[in-house]
Amino acid sequence: KNQVEQSPQSLIILEGKNCTLQCNYTVSPFSNLRWYKQDTGRGPVSLTIMTFSENTKSNGRYTATLDADTKQSSLHITASQLSDSASYICVVSSDSGGSYIPTFGRGTSLIVHP
Amino acid sequence: GAGVSQSPSNKVTEKGKDVELRCDPISGHTALYWYRQSLGQGLEFLIYFQGNSAPDKSGLPSDRFSAERTGGSVSTLTIQRTQQEDSAVYLCASSLWSGSNNEQFFGPGTRLTVL
């Protein structure tokens, strides 16, 4: 069964600090991995996408890494801001038999305090 | 133009009633997805439509759930005889076409509360 596990479940940091969120997956065959940011009361918004051959991708202060051998990904947030407070969701996709259904992690809830 | 829109934003209903949730995808997007997000849980796939092909209904939790997509655009998710466990946020997403490399753009969701 395809699964995506994220850790920690929640995280509280001070504004300006860095943090790293983790994602482990058992999706096969692997196609790509996305990190989404979901603000409270809003739908998720894509931050980064990585395919099998990519091991790092940046989007401003967000940097995602992928180790396809160990099936692990991380999202590093640099110099956190109050607006980074949100849920961060790891999503792994698999193209299998022409049917595309992604597998979502439960998300990491990040709170940035002033 | 505008992003994905959903209506209503909030719906409170009594157990046993039927509800309809609406999704307006981004114009030109051929793929449309419905998900359910319960408190503390990841997004749960319900159903997706791709163009004129038969929808993939493999995620629908029971026969009380159904969805239609008229004219390849607007979609309606219907829940019949609602139960308290149906309470959740229902999210709709669209993409240019189905396929894992295509970004899904999400609507704000409909928060359903079944009393």
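Quick note: the coordinates plus some simple rules give every number you see, no bench work behind them. Since this is a predicted model, take the numbers as computed values, not measurements. FYI the Cβ positions are ideal-geometry reconstructions off the backbone, even for glycines, and counts take in every protein chain you see.
So which lysines can B:Lys17 reach, going by Cα to Cα under 19 Å and dropping same-chain residues fewer than 8 places off?
Cα-Cα hits under 19 Å: none found.
Place a point 7 Å from Cα of A:Ser74 in the direction of its Cβ. Which residues in the range A:19-45 have their backbone N less than 11 Å from it?
A:19-23
Which one of A:Ile77, A:Ile89, A:Ile13 has the biggest mean-square fluctuation once chain A is modelled by GNM with Cα springs under 10 Å?
Residue with maximal mean-square fluctuation among A:Ile77, A:Ile89, A:Ile13: A:Ile13.
Return the average number of partner chain Cβ atoms within 10 angstrom of each residue Cβ along peptide B:66-76.
Details: counts 0, 0, 0, 0, 0, 0, 0, 0, 0, 0, 0.
Rounded to a whole number, the mean comes out at 0.
Can you give the % of DSSP beta bridges in chain A that are antiparallel, to the nearest 5?
Taking every DSSP beta bridge within chain A, about 90 percent pair in antiparallel fashion.
Rounded, prolate or oblate: pick one for the range B:29-104, where a ≥ b ≥ c are the square roots of the eigenvalues of its C-alpha gyration tensor, a/c under 1.5 means rounded, and failing that, prolate if a/b is larger than b/c, else oblate.
Cα axes put the range B:29-104 in the oblate bin.
Of chain B, which part is the longest with no GluC sites (Glu not before Pro) in a loop (DSSP not H, G, I, E, B) and with at most 16 other C-beta atoms within 10 angstrom?
Values: sites that count: B:Glu14, B:Glu103.
Segment B:15-102 is the longest.
Say a site is exposed when it is one of the trypsin sites (Lys or Arg not before Pro), sits in a DSSP loop, and has at most 12 other Cβ atoms within 10 Å; what is then the longest site-free stretch of chain A?
Segment A:18-114 is the longest.
By the scheme Lys and Arg +1, Asp and Glu -1, what is the net charge of all other residues having a beta-carbon under 14 Å from that of A:Val45?
0
Could you check which residue among A:Val92, A:Val45, A:Val27 shows the biggest mean-square fluctuation in a GNM of chain A with a 10 Å Cα cutoff?
The residue that fluctuates most here is A:Val45.
Taking a point 7 angstrom from the Cα of A:Val45 along the C-beta vector, which residues in the range B:1-23 have backbone N less than 17 Å away?
B:1-6
Which parts of the range B:9-35 would a label at B:Gln84 reach, counting a residue when its backbone N lies under 15 Å from a point 7 Å out along Cα-to-Cβ?
Counting only backbone N, you get B:13-17.
Can you tell which of B:Ser66, B:Ser58, B:Ser94 shows the greatest fluctuation in a Gaussian network model of chain B with Cα springs below 10 Å?
Maximum fluctuation in the GNM of chain B, among the listed residues, is at B:Ser58.
Output the pairs from A:Lys1/A:Lys71; A:Lys37/B:Lys57; A:Lys37/A:Lys71; A:Lys57/B:Lys57; A:Lys17/A:Lys57; A:Lys17/A:Lys37 with a Cα-Cα distance over 23 Å in this structure; if there are none, say none.
A:Lys37/B:Lys57; A:Lys57/B:Lys57
If you filter the range A:22-114 for chymotrypsin sites (Phe, Trp or Tyr not before Pro), then keep DSSP loop positions with at most 13 other Cβ within 10 Å, what is left? Mind showing how you got there, number by number?
Numbers: sites: A:Tyr25, A:Phe30, A:Trp35, A:Tyr36, A:Phe52, A:Tyr62, A:Tyr88, A:Tyr100, A:Phe104; in loops: A:Phe30, A:Phe52.
Loop-located and lightly packed - A:Phe52.
In whole percent, what relative contact order does the range B:1-101 give with Cα contacts below 8 Å and a gap of six or more residues? Could the numbers behind the result be given before it?
Working: 195 pairs, mean separation 36.7, N = 101.
It comes to 36 percent, rounded to a whole number.
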